[in-house]
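Just so it is clear, none of the values below were taken in a lab; they were calculated from the coordinates. Everything numeric here is computed off the predicted structure, so don't read it as measured data. Counting neighbours? That spans all protein chains shown, and the Cβs are built from the backbone with ideal geometry, glycine included.
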Amino acid sequence: MSECQSCSSSSCGEGDACPNQAEKAFDKRGVRSFIAVGSGKGGVGKSTTTALLAVALARRGLQVGILDADVTGPSIPKLLGVRDPLVGTTGGMLPPASPQLGIRVMSVNLLLDDPAKPVVWRGPLIANLLKQFWDEVEWGNLDYLLIDLPPGTADAPLTVMQSLPLDGMVLVTSPQGLAELIVEKACHMAEMLDVPLLGVVENMSFVRCPACGQSLDLFGPSHAAKLTERFGMPLLGRFPVDPALALLCDAGRVEEYEDKDLDELASALETSLKEASVKGAD
Ligand code: ADP
């Protein structure tokens, strides 16, 4: 048997069909970890959670970027107040950075003359654009590139999950039963694609009464424990419905959000990622 061109193993013999080819061919450049943030269902606060995760990691002194793959509902530049234009260089496009923590962002909204205009594209065009967001963007050295996945389990999230060497996926859910059901589909998709499930963030989990500080389950009891048990992943955090956060989102100032559990979220993610990479190496 001749040596395989892709993985150099003399016992492989698979040539172009070599299962190691994609991984071997992928140049991660200066990015240490690729983490997808998905939800299955829209409206649970996936983009807000991606932005908060980036803020929490950046506050730990880490270099963070966000690839906004939610092409038809891009909100990352708005949430983080990223307004600087894209700069093109011979090496590729330079992603602009958020004003306070320098979180680098690439999003279709930075390419549109009018960010309010919709992107009415079919799957293959979206898939191409997402590929360009990696191939033609100079991300520089990053500890984390977070990928804000489009909701659902269709073409666009599938493209991202298959074309980037994801180190893991974070699932965002809310306590509604419907959100849980659809998040399960996203978990199954990750499992089918061999992407490690790093954990669940339950957003809009409860409301803190401003008068007495008591927590109220606005959307009913949490389902997060069921998900974590079923898929063997940790609960990374639970975040309340917080009018202060909604205001900061609208003002593009998510970087200023303070919540006592935010650093814990970053720490839980880093721990889960380390555990996943140890498991992967076994
Ligand atoms: P998704 O990405 O799941 O569609 P977004 O993250 O874009 O949802 O959230 C939509 C809006 O919901 C945000 O702009 C913000 O105003 C609000 N929001 C999200 N999470 C919270 C929260 N925990 N508390 C208050 N408002 C929130």
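If R0 is 22 Å, the Cβ-Cβ spacing of His188 and Asp242 corresponds to a FRET efficiency of close to 0.10. Taken over the alpha carbons of the range 75-115 as equal point scatterers, the Debye sum produces base-10 log I(q)/I(0) values at 0.22, 0.25 Å⁻¹ of -0.67, -0.84. In the chain, Rg over Rh equals 0.98, where Rg is the alpha-carbon radius of gyration and Rh the Kirkwood radius from pairwise Cα distances. For Leu235 and Asp113, the FRET efficiency from 1/(1 + (r/R0)^6), where r spans their Cβ atoms and R0 equals 41 Å, is about 0.45.
Label zone of Lys279 (point 7 Å out along Cα→Cβ, amide N under 19 Å): in the range 184-218 this covers 184-202. Helical runs (DSSP H, four residues minimum) scored at -39500 (n - 2.57) apiece and divided by the length of the chain put the mean residue ellipticity at 222 nm at -10500 deg cm²/dmol.
With a threshold of 20 Å on the Cα-Cα distance, the over-threshold entries among Lys78/Lys131; Lys41/Lys274; Lys46/Lys274; Lys185/Lys226 are Lys78/Lys131; Lys41/Lys274; Lys46/Lys274.
In a reduced charge model with +1 at each Lys and Arg Cβ and -1 at each Asp and Glu Cβ, the chain shows a dipole moment near 320 debye about its Cα centre.
Using a Förster distance of 22 Å, how high is the FRET efficiency between Thr89 and Ser163, based on the Cβ-Cβ distance and rounded to 0.05?
The computed FRET efficiency comes out at 0.45.
The residue list Ser267, Ile126, Asn109 was ranked by how far each Cα lies along the charge dipole of the chain toward its positive end, using unit charges on Cβ atoms, and Asn109 comes out on top. The range 38-55 and the range 215-282 have their alpha-carbon centroids 10 Å apart. Less than 15 Å from a label point 7 Å out along the Cα-to-Cβ axis of Asp250: which backbone N atoms in the range 215-243 qualify, by residue? Within reach of a label on Asp250: 242-243.
For Lys226 and Lys131, the difference between the fully extended length at 0.36 nm per residue and the C-alpha to C-alpha distance is 30.7 nm.
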